[in-house]
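J.: This structure is in structure tokens; I'll ask about it shortly.
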Amino acid sequence: MAHDSSDSDNSNTKKVRLLKAEVDKVVETWVDVLKIPTLSDAYIREDANFLNVATKWSVHDAAKKENLSFARTFSILKSSLGFGSPVVSTPGAVTVNEKLSVPSKTGRKRAVLVGKASGDVPNSETEYLQIWSDSTLLKTFSLGDLDIHKAVYTSSGVWGWGTTMTWNESENKLAYLAEKKIPKAKPFYASAVKTKLKREQEKAKHEEVEDAIGEEYEYKQTWGEQLTGKYSSVIVVVDIDADEFNALHLPENHFPSDIHWVSDTHIVGTSYPFPIWRQGLVYCSNRESVIFSVQADGENFQTITELGKSCRSPRVRPDGGYLVWQERILDGAHDRARSINGIALSQGLPSGEPCVIYESAPQNGMPTYKDFSRNCWSTDGNTLFVVTPNEGDMICLAISVGLSVEVRKIDQVDSLLWVTNDYLLVSSSTTLTSPHLRLLRISQNYQPIEISESRSPIDFPTSKKIVYGEASPPSIFHGPSTASVPPKSVPLICWPHGGPHSCFVDTFSSETILFLKLGFAVLRLNYIGSIGGSRDTADDLMGKIGEKDVKDCQAMVDKVLNSNSSLNPEQVVLFGGSHGGFISCHLSSAYPDVYKAIAVRNPVTDLTTLVGTSDITDRGIVAPPVPPVQTIIPTARNLEDAAKFIRASPIQRAVNVKGATLLLLGSEDLRVPSQQGLSYYRALKAYGKVAEVRMYPDCHPLSKAPVRLDNIIHSALWFKQYIH
């Protein structure tokens, strides 16, 4: 949706002139930045002489308007490690087209899920499971022909989904998650004509599911944003040698996810017991969940943890004798610090009582906020690794789980990719440099060995500053070096993150690079309630959104403007999404003379309607915590709560806005439905404000390749137009 046809004022004439002069530079710059590859996965295949690091990268193809994946292998001569720069052989990149690729523990086998378009049915595909060895394709199974489940789950792009396919210890079995097959819904009346062939085909099916007559319009609950089509999950165990597939029959009220083998006999995982009605899982760690164990044949299902907590991210020690997971309380904060708990296992089953290994409390100084990596144990089982945001950076904690718990902090680790006897394979980056591979030598205090090079297109002097507000994690400022530009010459983009229980860290940000190359400075704001600090401030924001977070952000903006002579206080703009859009809309109305333009993606603007339409209507951060049963009622419980919703809603102050507002909305957004932005747009127009809407066929993150390409370009052009 472009701007309203009635917008024929001088500002639009100005925009046309500006676009002719600026659009090519903005587009070319953004396309160039998107060519920087990002690392998505890696593992190590080791032999006597080499560490062969197989990697998977992603890059944006602007011409095709899609993200492409490609593979690279780094062969590292072992004898060269520890003697300066290692000898690394790197063949050229090879494009890959796969939905999921899972290596075995040794890396000698890989399970690959691919899809092939079905010629007979539009917009459909058949999935194939391929088993590869080092040198060739061993087997291929047509999952469509098996017809025992629907689509296989992949964790790609889904926050907190965990491991959806995993190898057993002996590397002869797989377990994976898929959408459970349910009875086919049919109308009460349909033609009774069936061909003989059709009847014979149905009769030949092993476990024919009877049709559900009259159920074609039944409402089925999914798990919300980015998980549409996910109703009930099933664990499937594949015996590779025997070519056998077994769909495990677990209790009907459980939704298994994040599965892992215990040796060859059992499977553990996270399960979400079906609630009265389901709320969104993505970005929300405050959902009731349990850790479970089940035999590989589906027998002896049992829960390891009790109800009433959020228990997630189970990981089994390499010897199969111990299980750890993360645990937190259930409350209104959608994310917060988690403790690390554990229990001994005997022959795949719990032995003894659970205990707390690591408590994310202020006295520790380093709370954990992020799920475990797929591989997170040292091979000797003595150390547990967890990557987490900490004070504006990403770090890795090496936690000894022996008789006494010892914790070591390892800096500059964005993600933990693989663990061997001697090394951690990690990815590292900064805001202005792309992810690159490093080996951390375990025996030498995790000394880093660089494997691949980082890249940054910034070719002029820049400065980085950290700025503290009420939050524990600092905000992060990047801008041209003060010595390299005249005073009051640099416009400033103020960017509060979404969440609100999330954070910015100093890791690769293509948007920040774009804005810097276009001449802006960027202040990424961590405000009260942000995670990733030395203390958990989630509770400090409860009942205070639209107030404490907004004032905290403005105080830091003022601090940066007053301390940096190169910034132009007459050229300050706002950029944010979701709760960051909520804060941006508040800032633009509370401080209308400060902000000249606002570009917001799927912003929360009206809590009175959001509480009944979002997939997370338990948004208890507006009011004080209430009992769970009341929390899930999708409306204000009384006039007092309704008044809180109204007071906290940016739409109530739209009359005060002076800056031009661009709303970038996803028509498929379930977290913050597009009506939030449209209502705000209509309010702005009713008050005679400059506003525009772009509507995209996408969900909450606006991350589809063509959508991301377009909305960032429009944001940059919007800023350039209205700071002049």
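J.: List the aspartates and glutamates whose Cα sits under 15 Å from the Cα of Lys658, skipping any in the same chain fewer than 8 residues away.
T.: Output for Lys658: Glu570, Asp593, Glu692.
J.: Further question on the same structure: Segment 238-282: D in µm²/s via Stokes-Einstein (Kirkwood Rh, Cα pairs, 4 °C, 1.567 mPa s)?
T.: On the way: Rh = 12.8 Å.
Using the Kirkwood radius from Cα pairs, D works out to 101 µm²/s.
J.: Here's something else I'd like to know. Using just the Cα positions, wrap segment 494-601 in a convex hull and report its mean projected area in square nanometres, one decimal place.
T.: Details: hull surface 27.3 nm².
Averaged projected area of segment 494-601's Cα convex hull equals 6.8 nm².
J.: For segment 553-617, what is the convex hull volume of its Cα atoms per residue in Å³? Present the calculation step by step, with values, prior to reporting the outcome.
T.: Working: hull volume 5.7 nm³, N = 65.
Looking at segment 553-617, the number lands at 88 Å³ per residue.
J.: Where does each of 496-509, 94-107, 388-401, 170-183 land if you order them by average Cβ count within 10 Å, highest first? Please report the intermediate quantities before stating the final value.
T.: Values: 496-509: 23.9, 94-107: 15.9, 388-401: 21.0, 170-183: 18.3.
So the peptides 496-509, 94-107, 388-401, 170-183, ranked by packing, come out 496-509, 388-401, 170-183, 94-107.
J.: Follow-up question, since we're still on this one. Figure the gain on full extension for Phe274 and Asn253 (residue separation times 0.36 nm, minus the Cα-Cα span) and round it to one decimal in nm.
T.: Values: separation 21, 0.36 × 21 = 7.56 nm, distance 0.54 nm.
Roughly 7.0 nm would be gained on extension.
J.: Have a look at the DSSP beta bridges in the chain and tell me what percent are antiparallel, nearest 5.
T.: Rounded to the nearest five, the antiparallel share is 80 percent.
J.: If you average the sequence gap of Cα pairs under 8 Å that are 6 or more apart and divide by the length of the chain, what percent do you get for the contact order? The partial results should precede the final answer.
T.: Numbers: 1704 pairs, mean separation 65.8, N = 724.
Result for the chain is 9 percent.
J.: On the first, second and third principal axes, largest extent first, how far apart are the outermost C-alpha atoms of segment 338-387 in Å?
T.: Per principal axis, max minus min of the Cα coordinates gives 36, 23, 17 Å.
J.: How big is the dipole moment of the chain about its Cα centre under a simple scheme where the beta carbon of each Lys and Arg is +1, that of each Asp and Glu is -1, and everything else is neutral? Debye, nearest 20, please. Kindly include the intermediate steps, with their values, before the conclusion.
T.: Details: 75 positive and 82 negative charges, 395 e Å.
I would put it at about 1900 debye.
J.: Give me the one-decimal nm value for the distance between modelled label points at Leu77 and Glu28, 7 Å along each residue's Cα-to-Cβ direction.
T.: Here the answer is 4.3 nm between the modelled labels.
J.: Also, quick follow-up: Please state, rounded to one decimal and in Å, the Kirkwood hydrodynamic radius that segment 660-724 gives when every pair of distinct Cα atoms enters the mean of 1/r. The partial results should precede the final answer.
T.: Working: mean 1/r = 0.0810 Å⁻¹.
Taking the inverse mean of 1/r over all distinct Cα pairs, segment 660-724 comes out at 12.3 Å.
J.: Still on this structure, please answer the following. Would you please give the FRET efficiency between Ser85 and Glu668, computed as 1/(1 + (r/R0)^6) with r the Cβ-Cβ distance and R0 = 45 Å, to the nearest 0.05?
T.: Working: r = 48 Å, r/R0 = 1.06.
Given R0 = 45 Å and the Cβ-Cβ separation, E is 0.40.
J.: Could you tell me the largest-minus-smallest coordinate of the C-alpha atoms of segment 65-147 on each of the three principal axes, in descending order and whole angstroms?
T.: 58, 33, 17
J.: In whole Å, what are the extents of segment 60-108 along the principal axes defined by its C-alpha atoms, from largest to smallest?
T.: Taking the Cα atoms of segment 60-108, the three principal extents are 44, 27, 14 Å.
J.: If I stretch the segment between Gln302 and Arg647 completely, what's the gain in nm (0.36 nm per residue apart, minus their alpha carbon distance), one decimal?
T.: Working: separation 345, 0.36 × 345 = 124.20 nm, distance 4.67 nm.
Full extension from Gln302 to Arg647 adds 119.5 nm.
J.: Below 8 Å between Cα atoms, with a sequence gap of 6+, how large is the relative contact order for segment 281-324 in percent?
T.: Details: 55 pairs, mean separation 14.4, N = 44.
Taking the mean separation of contacting Cα pairs over the length of segment 281-324, I get 33 percent.
J.: Can I ask one more? Taking Cα atoms of segment 574-721, Rg/Rh with Kirkwood Rh, to two decimals?
T.: Working: Rg = 15.3 Å, Rh = 15.5 Å.
Result: Rg/Rh = 0.99.
J.: What ratio of Cα Rg to 2.2 N^0.38 Å holds for segment 421-562?
T.: Numbers: Rg = 17.5 Å, N = 142, 2.2 N^0.38 = 14.5 Å.
Rg over 2.2 N^0.38 Å, computed on Cα atoms: 1.21.
J.: List the aspartates and glutamates whose Cα sits under 20 Å from the Cα of Lys56, skipping any in the same chain fewer than 8 residues away.
T.: Straight-line reach from Lys56, under 20 Å: Asp41, Glu46, Glu66, Glu98, Asp134, Asp414, Glu450, Glu453.
J.: Per q in 0.16 Å⁻¹, report the Debye log10 I(q)/I(0) for segment 221-340, using one uniform scatterer on each alpha carbon and no solvent.
T.: After summing over all Cα pairs, the log10 values are -0.80.
J.: Using 0.36 nm per residue of separation minus the Cα-Cα distance, give me the extension gain between Gln130 and Glu453 in nm, one decimal. Spell out each step's value before the answer.
T.: Details: separation 323, 0.36 × 323 = 116.28 nm, distance 3.22 nm.
Gain on stretching Gln130 to Glu453: 113.1 nm.
J.: Among the listed pairs Lys596/Lys720; Lys551/Lys644; Lys488/Lys551; Lys544/Lys596, give every one whose C-alpha distance is greater than 20 Å.
T.: Correct reply: Lys488/Lys551; Lys544/Lys596.
J.: Can you figure out the FRET efficiency of Asn638 with Met695, using R₀ = 35 Å and their beta-carbon distance, to the nearest 0.05? Before the final figure, lay out the partial values.
T.: Numbers: r = 35 Å, r/R0 = 1.00.
The calculated FRET efficiency here is 0.50.
J.: What's the FRET efficiency of Tyr687 with Val405 using the Cβ-Cβ distance as r and R₀ = 60 Å, to the nearest 0.05? Write out the running numbers ahead of the final one.
T.: Numbers: r = 58 Å, r/R0 = 0.97.
So the FRET efficiency works out to roughly 0.55.
J.: If we restrict to alpha carbons, what Rg and Dmax does segment 283-337 come to, in Å?
T.: Expressed in Å, the Cα Rg and Dmax of segment 283-337 come to 12.9, 38.
J.: Regarding segment 478-553, what's the average projected area of the Cα-atom convex hull, expressed in nm²?
T.: Details: hull surface 24.5 nm².
Its average projected convex-hull area is 6.1 nm².
J.: Could you work out the relative contact order of segment 225-315? I mean the mean sequence separation of Cα pairs under 8 Å and 6+ apart, divided by the number of residues, in percent.
T.: Relative CO of segment 225-315 lands at 24 percent.
J.: Related question: Before I look further, what does the chain give for accessible area per residue, probe 1.4 Å, in whole square angstrom?
T.: Accessible area per residue: 43 Å².
J.: Determine the share of the chain's accessible area contributed by carbon and sulfur atoms, expressed in whole percent, with a 1.4 angstrom probe.
T.: Numbers: 15640 of 30990 Å².
For the chain, the apolar C and S fraction of the accessible surface comes to 50 percent.
J.: Would you calculate a helix-derived [θ] at 222 nm for the chain, using -39,500 (n - 2.57) for each DSSP H run of n ≥ 4 and dividing by the full residue count, to the nearest 500? List each step's numbers first, then the result.
T.: Numbers: 11 runs with 123 residues, N = 724.
Calculated at 222 nm, the ellipticity per residue is -5000 deg cm²/dmol.
J.: In cubic angstrom, how much convex hull volume per residue do the alpha carbon atoms of the chain span? Present the calculation step by step, with values, prior to reporting the outcome.
T.: Values: hull volume 131.4 nm³, N = 724.
Looking at the chain, the number lands at 182 Å³ per residue.
J.: Taking the square root of 5 times each eigenvalue of the Cα gyration tensor, what semi-axes in Å does the equivalent ellipsoid of segment 329-471 have, largest first? Write out the running numbers ahead of the final one.
T.: Values: eigenvalues 181, 93, 31 Å².
Calculated on Cα positions only, the semi-axes equal 30, 22, 12 Å.
J.: Two-decimal Rg/Rh of segment 406-447 from alpha-carbon positions, Kirkwood Rh? Walk me through the numbers on the way to the answer.
T.: On the way: Rg = 10.7 Å, Rh = 10.9 Å.
Radius of gyration over Kirkwood radius for segment 406-447 works out to 0.99.
The values are calculated or read from the model by the stated rules, or taken from the named source; none is laboratory data. For clarity, every value in this text was computed on a predicted model and none was experimentally measured. Using ideal geometry, Cβ is built from the backbone for each residue, glycine included, and neighbour counts are taken over all protein chains shown. Side chains included, ligands, DNA and RNA excluded: accessible areas come from the protein's heavy atoms. Shrake-Rupley method; radii C 1.70, N 1.55, O 1.52, S 1.80 Å.
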